[in-house]
Amino acid sequence: MNVHPLPSYSRRDVLYLAAGAAACLVMAASPIAAFAQTAPGGAPLKIATIGAGREGGALGTLFAKAGHPVMFSSRHPEQLNDLVASAGPLAKAGTVAEAIAFADVVLLVVPYPAVEQIGKDHGKALAAKALVMDISNPIAGRDAEDLIKWVEQQGGAGLATAALLPGAHLVRAFNAINYAKLPELAHRQPDPVGVPIAGDDQNALAIASRLIKEIGFEPVVVGGLAMGKYLNVRTPLAGVHTPDEIRQIAATLK
Ligand SMILES: NC(=O)c1ccc[n+]([C@@H]2O[C@H](COP(=O)([O-])OP(=O)(O)OC[C@H]3O[C@@H](n4cnc5c(N)ncnc54)[C@H](OP(=O)(O)O)[C@@H]3O)[C@@H](O)[C@H]2O)c1
């Protein structure tokens, strides 16, 4: 006979669920709750991409084609005309400051060494957004060794980005799905592709989940930002998985 009241949950699971429930109560009274309460469908959200290269360009295009106004940005917005044209009538380009001012939610899709300066220049404005989706990865061998070491000391990419963007409502997502595959993987039937996501803010997770569904993927919350270290290339969660596969893999990582 099983005498445990919650036999299939670890203490950590229970704490996580309790925190989620408490966050939902707070969220219901929050001024940005309206965003989450429109999930899974609702009014278009204005989306900024900081970084409009391979991954930022591909993701921003999916969002523009799904009906969301998108402003692509980089340090050289004048070079983004072709991208804007291919993303369709809802897309435009601007400076990083212009894109943040325009947006309800921001996609951060830059080489990881750029995140620190972006935090210094725009941290306050980013903290005011309901969601900053962090797609950027620190990658050993590509990025400087001291940066990689610092990220590890923070507890991985999720917590490191949180340290660089204090107060931002972060959700890591799409970190290890190759840009070139995004268009063909979107809306895959009959088995939608799963996107592991990690965040500490329930409202931001709800918005991210809504947006990810709208571009044809299935979000799977794998935990808080501390799990963000697994949302990177060269981890078991990297690549293309079904939602069930993501849940199974994530369970082995906790
Ligand atoms: N490529 C993929 O398949 C993929 C998949 C998942 C995640 N990611 C991650 O996404 C991030 C971007 O990768 P990517 O392949 O898209 O790189 P990319 O093609 O080189 O594009 C990088 C973009 O960031 C902009 N940028 C660089 N420094 C910036 C700064 N300080 N402020 C504003 N914009 C800046 C660049 O434009 P300017 O130089 O003109 O400013 C460019 O638009 C990386 O962290 C990567 O690990 C990539």
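Taken residue by residue, region 39-50 has at least one member that is at pLDDT below 50 and among the small types (Gly, Ala, Ser). For region 170-197, which residues satisfy the criterion of being free of Cβ contacts under 8 Å to residues at least 40 places away in the same chain and away from the ligand (no atom under 14 Å from the Cβ)? 187, 188, 189, 190, listed by residue number.
Scanning region 98-147 for residues that are surrounded by fewer than 16 Cβ atoms within 10 Å (Cβ to Cβ), of a type in the set (Lys, Arg) and part of a loop (DSSP other than H, G, I, E, B) yields one hit, 142. Listed by position, the helices (runs of 4 or more DSSP H) enclosed by region 151-254 that each have at least 2 residues that are modelled with pLDDT of 95 or more and closer than 25 Å to residue 126 by Cβ are 157-164, 202-214. Return yes when residue 136 is more than 23 Å from residue 44 (Cα to Cα), of a type in the set (Gly, Ala, Ser) and in contact (Cβ under 8 Å) with a residue 24 or more places away in the chain and no when it is not. Judged against the criteria, residue 136 is a match. The sole residue among 94, 158, 167 that is over 15 Å from residue 52 (Cβ atoms) and free of Cβ contacts under 8 Å to residues at least 60 places away in the same chain is 167.
Within the option set 120, 124, being among the basic types (Lys, Arg) and either under 15 Å from residue 227 (Cβ atoms) or away from the ligand (no atom under 11 Å from the Cβ) (or both) holds for one residue only, 124.
Taking region 65-91 as the range and being within 8 Å of the ligand (Cβ to nearest atom), within 20 Å of the chain's Cα centre (by Cα) and assigned to a loop (DSSP other than H, G, I, E, B) as the test, only 74 passes. Looking at residue 188, is it among the charged types (D, E, K, R) and touching a strand residue (DSSP E or B) at 6+ places or on another chain (Cβ under 9 Å)? Spelling it out, it is not the case that residue 188 is among the charged types (D, E, K, R) and touching a strand residue (DSSP E or B) at 6+ places or on another chain (Cβ under 9 Å). The condition (being at positive phi, in contact (Cβ under 8 Å) with a residue 12 or more places away in the chain, of a type outside the set (S, T, N, Q) and within 15 Å of the ligand (Cβ to nearest atom)) is satisfied by just one residue among 223, 228, 216, 239: 239. Are any residues in region 155-183 surrounded by fewer than 22 Cβ atoms within 10 Å (Cβ to Cβ) and of a type in the set (Lys, Arg), and if so, which ones? The one that is surrounded by fewer than 22 Cβ atoms within 10 Å (Cβ to Cβ) and of a type in the set (Lys, Arg): 181. Within region 205-234, being open to solvent by 30 Å² or more (accessible area, probe 1.4 Å) and of a type in the set (Ser, Thr, Tyr) holds for one residue alone: 230.
The values are calculated or read from the model by the stated rules, or taken from the named source; none is laboratory data. Predicted model only: the values in this text are computed from it and were never measured. Ideal geometry is used to build each Cβ from the backbone, glycine not excepted, and the neighbour counts take in all protein chains shown. Each accessible area value is taken on the protein alone, full model and side chains, heavy atoms only, with ligands, DNA and RNA left out. Shrake-Rupley method; radii C 1.70, N 1.55, O 1.52, S 1.80 Å.
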